[in-house]
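Asks: Handing you a structure now.
The values are calculated or read from the model by the stated rules, or taken from the named source; none is laboratory data. Bear in mind the structure is a predicted one, so any value in this text is a computation, not a measurement. Every residue, glycine among them, receives a Cβ derived from its backbone with ideal geometry; neighbour counts consider all protein chains shown. Quick note on the areas: whole protein, heavy atoms, side chains included, nothing else; ligands and nucleic acids left out. Shrake-Rupley method; radii C 1.70, N 1.55, O 1.52, S 1.80 Å.
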Amino acid sequence: MKGLTAAYGPVPALADVTLDFHEGEVVAVMGRNGAGKSTLLHHLVGLRRAQRGSVEVLGRAPAALSASEAIRLVGLVPQDPGALLCAETVAAECRDGDRDGGLAAGTTRAVLESLVGGISGGAHPKDLSEGQRLALALAVVLAPEPPLLLLDEPTRGLDYGAKERLSRQLRQLAARGHCVVVATHDVELVAEVADRVVVLADGEAITDGPARSVVCHSTSLASQVARILAPAEWLTVEEVATALAERPGHRTTP
Ligand SMILES: Nc1ncnc2c1ncn2[C@@H]1O[C@H](COP(=O)(O)OP(=O)(O)OP(=O)(O)O)[C@@H](O)[C@H]1O
Ligand SMILES: [Mg+2]
(Lines give C-alpha, C1' and ligand atoms only; values in the text may rest on other atoms or scores of the structure.)
(Ligands and ions follow the chains in the order given, each with its own letter.)
Protein backbone atom coordinates (compact mmCIF):
# COMPACT_ATOMS: atom_id res chain seq x y z
CA MET A 1 0.00 0.00 0.00
CA LYS A 2 1.22 3.43 -0.91
CA GLY A 3 0.12 6.61 0.83
CA LEU A 4 -3.12 4.93 1.93
CA THR A 5 -5.43 7.42 3.60
CA ALA A 6 -8.89 6.49 4.82
CA ALA A 7 -11.74 8.03 6.77
CA TYR A 8 -15.28 7.17 7.82
CA GLY A 9 -17.03 10.44 7.00
CA PRO A 10 -15.33 13.00 9.23
CA VAL A 11 -13.51 10.33 11.32
CA PRO A 12 -9.94 9.77 10.12
CA ALA A 13 -8.80 6.11 10.19
CA LEU A 14 -5.55 5.84 8.20
CA ALA A 15 -3.10 8.61 7.39
CA ASP A 16 -0.65 8.20 4.53
CA VAL A 17 0.33 4.59 5.27
CA THR A 18 2.99 3.09 3.01
CA LEU A 19 3.85 -0.56 3.68
CA ASP A 20 5.09 -3.58 1.73
CA PHE A 21 4.21 -7.10 2.81
CA HIS A 22 6.32 -9.95 1.45
CA GLU A 23 6.01 -13.61 0.61
CA GLY A 24 7.00 -15.88 3.46
CA GLU A 25 6.58 -13.42 6.30
CA VAL A 26 4.19 -13.16 9.21
CA VAL A 27 3.52 -9.52 10.03
CA ALA A 28 1.73 -8.48 13.21
CA VAL A 29 -0.18 -5.21 13.03
CA MET A 30 -0.53 -3.84 16.54
CA GLY A 31 -1.84 -0.67 18.16
CA ARG A 32 -4.53 0.54 20.49
CA ASN A 33 -8.27 0.21 19.93
CA GLY A 34 -9.24 2.49 17.07
CA ALA A 35 -5.66 2.76 15.74
CA GLY A 36 -6.76 1.62 12.26
CA LYS A 37 -5.78 -2.09 12.18
CA SER A 38 -9.09 -3.45 10.89
CA THR A 39 -9.40 -0.60 8.40
CA LEU A 40 -5.97 -1.51 7.01
CA LEU A 41 -6.98 -5.18 6.58
CA HIS A 42 -10.29 -4.20 4.96
CA HIS A 43 -8.37 -2.29 2.28
CA LEU A 44 -6.05 -5.25 1.65
CA VAL A 45 -9.00 -7.58 1.09
CA GLY A 46 -10.91 -5.06 -1.03
CA LEU A 47 -13.83 -4.49 1.34
CA ARG A 48 -12.92 -0.82 1.17
CA ARG A 49 -11.53 1.09 -1.78
CA ALA A 50 -8.59 3.46 -1.25
CA GLN A 51 -9.84 7.06 -1.02
CA ARG A 52 -6.30 8.36 -1.38
CA GLY A 53 -3.22 6.33 -2.18
CA SER A 54 -3.29 2.81 -3.57
CA VAL A 55 -3.37 -0.87 -2.58
CA GLU A 56 -2.15 -3.74 -4.74
CA VAL A 57 -1.93 -7.48 -4.08
CA LEU A 58 0.31 -9.23 -6.60
CA GLY A 59 -0.31 -6.37 -9.02
CA ARG A 60 -4.12 -6.37 -8.68
CA ALA A 61 -6.31 -3.82 -6.85
CA PRO A 62 -8.28 -6.04 -4.46
CA ALA A 63 -11.41 -3.86 -4.56
CA ALA A 64 -11.67 -4.44 -8.33
CA LEU A 65 -11.61 -8.26 -8.19
CA SER A 66 -14.60 -10.55 -8.61
CA ALA A 67 -15.50 -12.72 -5.60
CA SER A 68 -14.04 -15.87 -7.17
CA GLU A 69 -10.79 -14.11 -8.11
CA ALA A 70 -10.52 -12.53 -4.67
CA ILE A 71 -10.95 -15.81 -2.78
CA ARG A 72 -7.80 -17.22 -4.42
CA LEU A 73 -5.71 -14.08 -3.93
CA VAL A 74 -6.49 -12.79 -0.47
CA GLY A 75 -8.52 -14.09 2.47
CA LEU A 76 -9.66 -12.29 5.62
CA VAL A 77 -10.83 -13.81 8.86
CA PRO A 78 -12.75 -10.82 10.21
CA GLN A 79 -12.79 -9.55 13.79
CA ASP A 80 -16.35 -10.90 14.01
CA PRO A 81 -15.89 -14.36 12.44
CA GLY A 82 -19.65 -14.99 12.46
CA ALA A 83 -19.96 -12.37 9.69
CA LEU A 84 -18.29 -14.84 7.34
CA LEU A 85 -20.59 -17.75 8.08
CA CYS A 86 -23.93 -17.95 6.33
CA ALA A 87 -24.82 -21.67 6.01
CA GLU A 88 -27.30 -23.48 8.28
CA THR A 89 -24.86 -26.14 9.47
CA VAL A 90 -21.13 -26.64 9.97
CA ALA A 91 -21.12 -29.36 7.30
CA ALA A 92 -22.83 -27.06 4.76
CA GLU A 93 -20.40 -24.25 5.60
CA CYS A 94 -17.47 -26.60 4.89
CA ARG A 95 -19.10 -27.82 1.64
CA ASP A 96 -19.68 -24.22 0.51
CA GLY A 97 -16.06 -23.45 1.37
CA ASP A 98 -14.87 -26.35 -0.82
CA ARG A 99 -17.16 -25.29 -3.68
CA ASP A 100 -16.29 -21.55 -3.55
CA GLY A 101 -12.57 -22.26 -3.35
CA GLY A 102 -12.67 -24.94 -6.09
CA LEU A 103 -11.28 -27.47 -3.56
CA ALA A 104 -11.54 -31.25 -3.28
CA ALA A 105 -14.52 -32.33 -1.15
CA GLY A 106 -13.57 -32.55 2.52
CA THR A 107 -10.68 -30.06 2.37
CA THR A 108 -12.31 -27.38 4.54
CA ARG A 109 -13.55 -29.97 7.06
CA ALA A 110 -10.01 -31.39 7.35
CA VAL A 111 -8.57 -27.93 8.03
CA LEU A 112 -11.26 -27.42 10.69
CA GLU A 113 -10.36 -30.75 12.33
CA SER A 114 -6.70 -29.75 12.40
CA LEU A 115 -7.62 -26.61 14.36
CA VAL A 116 -10.41 -27.80 16.68
CA GLY A 117 -11.54 -31.40 16.62
CA GLY A 118 -14.96 -32.91 17.23
CA ILE A 119 -17.29 -30.13 16.07
CA SER A 120 -20.59 -31.69 14.99
CA GLY A 121 -21.33 -31.27 11.30
CA GLY A 122 -25.03 -30.86 12.09
CA ALA A 123 -24.54 -27.92 14.48
CA HIS A 124 -25.68 -24.45 13.45
CA PRO A 125 -22.68 -22.09 13.27
CA LYS A 126 -24.57 -19.71 15.59
CA ASP A 127 -24.74 -22.43 18.26
CA LEU A 128 -20.97 -22.99 18.37
CA SER A 129 -18.79 -21.60 21.13
CA GLU A 130 -16.84 -18.44 20.27
CA GLY A 131 -13.63 -20.44 19.78
CA GLN A 132 -15.34 -23.08 17.63
CA ARG A 133 -16.96 -20.42 15.44
CA LEU A 134 -13.60 -18.72 14.97
CA ALA A 135 -12.03 -22.08 14.06
CA LEU A 136 -14.74 -22.62 11.42
CA ALA A 137 -14.17 -19.17 9.90
CA LEU A 138 -10.42 -19.80 9.96
CA ALA A 139 -10.90 -23.13 8.19
CA VAL A 140 -13.04 -21.54 5.45
CA VAL A 141 -10.41 -18.87 4.79
CA LEU A 142 -7.30 -21.05 5.22
CA ALA A 143 -8.52 -23.94 3.05
CA PRO A 144 -8.03 -22.27 -0.38
CA GLU A 145 -4.56 -21.16 0.83
CA PRO A 146 -4.62 -17.63 -0.59
CA PRO A 147 -1.14 -16.11 -1.08
CA LEU A 148 -2.15 -13.24 1.22
CA LEU A 149 -3.88 -14.25 4.42
CA LEU A 150 -5.31 -11.64 6.79
CA LEU A 151 -6.48 -12.36 10.31
CA ASP A 152 -8.19 -9.82 12.54
CA GLU A 153 -7.82 -10.71 16.23
CA PRO A 154 -7.62 -14.44 15.52
CA THR A 155 -7.03 -15.70 19.07
CA ARG A 156 -10.01 -14.28 20.95
CA GLY A 157 -11.75 -17.19 22.62
CA LEU A 158 -9.26 -19.85 21.53
CA ASP A 159 -7.99 -22.19 24.24
CA TYR A 160 -4.28 -22.86 24.67
CA GLY A 161 -4.19 -25.92 22.38
CA ALA A 162 -6.16 -24.27 19.57
CA LYS A 163 -3.93 -21.22 19.78
CA GLU A 164 -0.81 -23.38 19.52
CA ARG A 165 -2.23 -25.20 16.50
CA LEU A 166 -3.13 -21.89 14.86
CA SER A 167 0.39 -20.55 15.47
CA ARG A 168 1.87 -23.68 13.90
CA GLN A 169 -0.40 -23.41 10.85
CA LEU A 170 0.49 -19.76 10.32
CA ARG A 171 4.22 -20.56 10.53
CA GLN A 172 3.77 -23.43 8.05
CA LEU A 173 1.88 -21.21 5.62
CA ALA A 174 4.65 -18.60 5.81
CA ALA A 175 7.27 -21.31 5.28
CA ARG A 176 5.40 -22.31 2.10
CA GLY A 177 5.64 -18.73 0.84
CA HIS A 178 2.32 -17.25 1.94
CA CYS A 179 2.20 -13.78 3.41
CA VAL A 180 0.30 -13.64 6.70
CA VAL A 181 -0.83 -10.34 8.23
CA VAL A 182 -2.35 -10.53 11.71
CA ALA A 183 -4.00 -7.62 13.52
CA THR A 184 -3.76 -8.44 17.19
CA HIS A 185 -3.41 -7.26 20.78
CA ASP A 186 -2.06 -10.70 21.76
CA VAL A 187 1.63 -10.15 22.56
CA GLU A 188 2.21 -13.85 23.18
CA LEU A 189 0.89 -14.72 19.69
CA VAL A 190 3.18 -12.05 18.25
CA ALA A 191 6.16 -13.51 20.12
CA GLU A 192 5.28 -16.98 18.77
CA VAL A 193 4.60 -16.26 15.11
CA ALA A 194 5.56 -12.79 13.91
CA ASP A 195 8.68 -12.01 11.90
CA ARG A 196 7.87 -8.35 11.78
CA VAL A 197 5.70 -5.92 13.75
CA VAL A 198 4.00 -2.80 12.42
CA VAL A 199 2.54 -0.50 15.08
CA LEU A 200 -0.29 1.85 14.14
CA ALA A 201 -1.16 4.90 16.23
CA ASP A 202 -4.01 7.19 15.21
CA GLY A 203 -3.90 5.78 11.70
CA GLU A 204 -0.16 6.24 11.20
CA ALA A 205 2.44 3.48 10.97
CA ILE A 206 4.79 4.65 13.72
CA THR A 207 6.95 1.52 14.03
CA ASP A 208 7.94 -1.15 11.51
CA GLY A 209 10.67 -3.58 12.46
CA PRO A 210 11.75 -7.13 13.30
CA ALA A 211 9.41 -8.69 15.88
CA ARG A 212 12.26 -9.48 18.24
CA SER A 213 13.48 -5.91 18.60
CA VAL A 214 9.99 -4.35 18.66
CA VAL A 215 8.64 -6.83 21.23
CA CYS A 216 11.74 -6.74 23.45
CA HIS A 217 12.14 -2.97 23.51
CA SER A 218 8.57 -1.92 24.13
CA THR A 219 6.98 -1.66 27.56
CA SER A 220 3.43 -2.20 26.29
CA LEU A 221 4.10 -4.83 23.58
CA ALA A 222 6.56 -7.12 25.42
CA SER A 223 5.78 -10.83 25.90
CA GLN A 224 6.04 -12.17 29.46
CA VAL A 225 9.37 -13.85 28.74
CA ALA A 226 10.73 -10.64 27.17
CA ARG A 227 9.71 -8.69 30.29
CA ILE A 228 11.30 -11.14 32.70
CA LEU A 229 14.56 -11.60 30.82
CA ALA A 230 15.09 -8.01 29.59
CA PRO A 231 17.49 -6.63 28.47
CA ALA A 232 18.32 -10.03 26.89
CA GLU A 233 16.19 -10.52 23.77
CA TRP A 234 14.20 -13.69 24.42
CA LEU A 235 10.61 -13.99 23.22
CA THR A 236 9.13 -17.34 24.24
CA VAL A 237 9.48 -20.10 26.84
CA GLU A 238 10.23 -22.57 24.03
CA GLU A 239 13.15 -20.47 22.84
CA VAL A 240 14.66 -20.28 26.32
CA ALA A 241 14.12 -24.01 26.94
CA THR A 242 15.78 -24.90 23.63
CA ALA A 243 18.77 -22.67 24.35
CA LEU A 244 19.16 -24.13 27.86
CA ALA A 245 18.91 -27.69 26.58
CA GLU A 246 21.75 -26.98 24.16
CA ARG A 247 24.09 -25.90 26.96
CA PRO A 248 26.26 -28.79 28.09
CA GLY A 249 25.67 -29.91 31.68
CA HIS A 250 22.31 -28.16 32.00
CA ARG A 251 19.03 -29.90 32.45
CA THR A 252 15.65 -28.26 32.15
CA THR A 253 12.29 -29.30 33.46
CA PRO A 254 9.54 -28.41 31.01
N1 LIG B 1 -17.86 1.72 10.33
C2 LIG B 1 -17.29 2.77 10.91
N3 LIG B 1 -17.91 3.97 10.96
C4 LIG B 1 -17.33 5.04 11.53
N5 LIG B 1 -16.09 5.04 12.08
C6 LIG B 1 -15.43 3.88 12.06
C7 LIG B 1 -15.97 2.68 11.49
N8 LIG B 1 -15.09 1.69 11.61
C9 LIG B 1 -14.01 2.22 12.24
N10 LIG B 1 -14.21 3.54 12.51
C11 LIG B 1 -13.26 4.46 13.15
O12 LIG B 1 -12.02 4.37 12.43
C13 LIG B 1 -10.92 4.36 13.31
C14 LIG B 1 -10.11 3.08 13.07
O15 LIG B 1 -10.92 1.96 13.46
P16 LIG B 1 -10.45 0.45 13.28
O17 LIG B 1 -11.65 -0.39 13.49
O18 LIG B 1 -9.72 0.32 12.00
O19 LIG B 1 -9.44 0.30 14.51
P20 LIG B 1 -8.74 -1.01 15.13
O21 LIG B 1 -7.29 -0.68 15.29
O22 LIG B 1 -9.12 -2.20 14.35
O23 LIG B 1 -9.39 -1.09 16.60
P24 LIG B 1 -9.71 -2.38 17.53
O25 LIG B 1 -8.39 -2.74 18.21
O26 LIG B 1 -10.68 -1.85 18.52
O27 LIG B 1 -10.27 -3.46 16.67
C28 LIG B 1 -11.50 4.51 14.71
O29 LIG B 1 -11.46 5.87 15.06
C30 LIG B 1 -12.92 4.04 14.57
O31 LIG B 1 -13.76 4.66 15.51
MG1 LIG C 1 -10.11 -3.94 14.76
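Each row is one residue, and each column tells you yes or no for (1) in contact with a Ser or Thr (Cβ under 7 Å, 6 or more places away or on another chain); (2) at pLDDT below 95; (3) within 13 Å of ligand 2 (Cβ to nearest atom); (4) of a type in the set (Val, Ile, Thr).
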position	(1), (2), (3), (4)
1	yes, no, no, no
19	no, no, no, no
24	no, no, no, no
27	no, no, no, yes
59	no, yes, no, no
63	no, yes, no, no
70	no, yes, no, no
73	no, yes, no, no
78	no, yes, yes, no
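Asks: In region 177-254, which strands (runs of 3 or more DSSP E) lie fully inside it and hold 1 or more residues that are polar (S, T, N, Q) and in contact with a helix residue (DSSP H, G or I) (Cβ under 8 Å, 6 or more places away or on another chain)? Lay out the reasoning, then the answer.
Replies: Numbers: elements: 179-183, 196-201, 204-210.
Of the strands (runs of 3 or more DSSP E) lying wholly inside region 177-254, those with at least 1 residues that are polar (S, T, N, Q) and in contact with a helix residue (DSSP H, G or I) (Cβ under 8 Å, 6 or more places away or on another chain) span 204-210.
Asks: What are the residues in region 114-139 that are farther than 25 Å from residue 187 by Cα and open to solvent by 20 Å² or more (accessible area, probe 1.4 Å), if any?
Replies: Looking only at region 114-139, we keep the residues that are farther than 25 Å from residue 187 by Cα, and these are 117-128.
The answer is 117, 118, 120, 121, 122, 123, 124, 126, 127.
Asks: Take the residues in region 29-82 that are at positive phi and within 16 Å of ligand 1 (Cβ to nearest atom), then tell me which one is most open to solvent (accessible area, probe 1.4 Å). Full working, then the answer.
Replies: Looking only at region 29-82, we keep the residues that are at positive phi, and these are 31, 34, 36, 46, 53, 58-59.
If we keep only those that are within 16 Å of ligand 1 (Cβ to nearest atom) too, we end up with 31, 34, 36, 46, 53.
Numbers: 31: 15, 34: 77, 36: 8, 46: 22, 53: 47 Å².
Filtering region 29-82 for residues that are at positive phi and within 16 Å of ligand 1 (Cβ to nearest atom), the one most open to solvent (accessible area, probe 1.4 Å) comes out as 34.
Asks: Residues that are away from ligand 2 (no atom under 16 Å from the Cβ), closer than 23 Å to residue 33 by Cα and open to solvent by 20 Å² or more (accessible area, probe 1.4 Å): does region 167-178 have at least one?
Replies: No, region 167-178 has no match at all.
Asks: Right, something else. Mind checking whether some residue in region 9-22 is touching an Asp or Glu at 6+ places or on another chain (Cβ under 9 Å), aliphatic (A, V, I, L, M), open to solvent by 30 Å² or more (accessible area, probe 1.4 Å) and assigned to a strand (DSSP E or B)?
Replies: The answer is yes, given that some residue of region 9-22 is touching an Asp or Glu at 6+ places or on another chain (Cβ under 9 Å), aliphatic (A, V, I, L, M), open to solvent by 30 Å² or more (accessible area, probe 1.4 Å) and assigned to a strand (DSSP E or B).
Asks: Among the numbered conditions (1) more than 16 Å from ligand 2 (Cβ to nearest atom); (2) of a type in the set (Ser, Thr, Tyr); (3) without any contact (Cβ under 8 Å) to a residue 60 or more places away in the chain, tell me where residue 8 comes up short.
Replies: (1)
Asks: Additional query: In this structure, does residue 185 turn out to be out of contact with any Gly (no Cβ under 8 Å at 6 or more places or on another chain) and either over 24 Å from residue 119 (Cβ atoms) or of a type in the set (A, V, I, L, M, F, W, C) (or both)?
Replies: Numbers: out of contact with any Gly (no Cβ under 8 Å at 6 or more places or on another chain): yes; either over 24 Å from residue 119 (Cβ atoms) or of a type in the set (A, V, I, L, M, F, W, C) (or both): yes.
Here the answer is yes, as residue 185 does meet what is asked.
Asks: Exactly one condition in (1) touching a strand residue (DSSP E or B) at 6+ places or on another chain (Cβ under 9 Å); (2) open to solvent by 80 Å² or more (accessible area, probe 1.4 Å); (3) without any contact (Cβ under 8 Å) to a residue 40 or more places away in the chain is false for residue 214; which is it?
Replies: Answer for residue 214: the failing condition is (2).
Asks: Being within 19 Å of residue 75 (Cβ to Cβ), buried (at least 20 other Cβ atoms within 10 Å of the Cβ) and away from ligand 1 (no atom under 16 Å from the Cβ) is the requirement here; does residue 143 meet it? Give the derivation first.
Replies: On the way: within 19 Å of residue 75 (Cβ to Cβ): yes; buried (at least 20 other Cβ atoms within 10 Å of the Cβ): yes; away from ligand 1 (no atom under 16 Å from the Cβ): yes.
So residue 143 passes the test.
Asks: OK, next. Show the residue pairs that are 6+ apart or on different chains and have beta-carbon atoms under 6 Å apart, the first residue being within region 105-134 and more than 16 Å from residue 86 (Cα to Cα) and assigned by TED's automatic domain parsing to the domain that holds residue 170, the second being among the basic types (Lys, Arg) and open to solvent by 40 Å² or more (accessible area, probe 1.4 Å).
Replies: 115/165
Asks: Still on this model: Please go through region 13-53 and pick out each residue that is among the polar types (S, T, N, Q) and over 19 Å from residue 149 (Cα atoms). Talk me through it step by step, then tell me what you get.
Replies: Kept after step one, since they are among the polar types (S, T, N, Q), are these residues of region 13-53: 18, 33, 38-39, 51.
Residues satisfying the conditions are 33, 51.
Asks: Would you call residue 84 closer than 18 Å to residue 133 by Cβ, touching a strand residue (DSSP E or B) at 6+ places or on another chain (Cβ under 6 Å) and either basic (Lys, Arg) or in contact (Cβ under 8 Å) with a residue 12 or more places away in the chain (or both)?
Replies: Numbers: closer than 18 Å to residue 133 by Cβ: yes; touching a strand residue (DSSP E or B) at 6+ places or on another chain (Cβ under 6 Å): no; either basic (Lys, Arg) or in contact (Cβ under 8 Å) with a residue 12 or more places away in the chain (or both): yes.
No, not satisfied.
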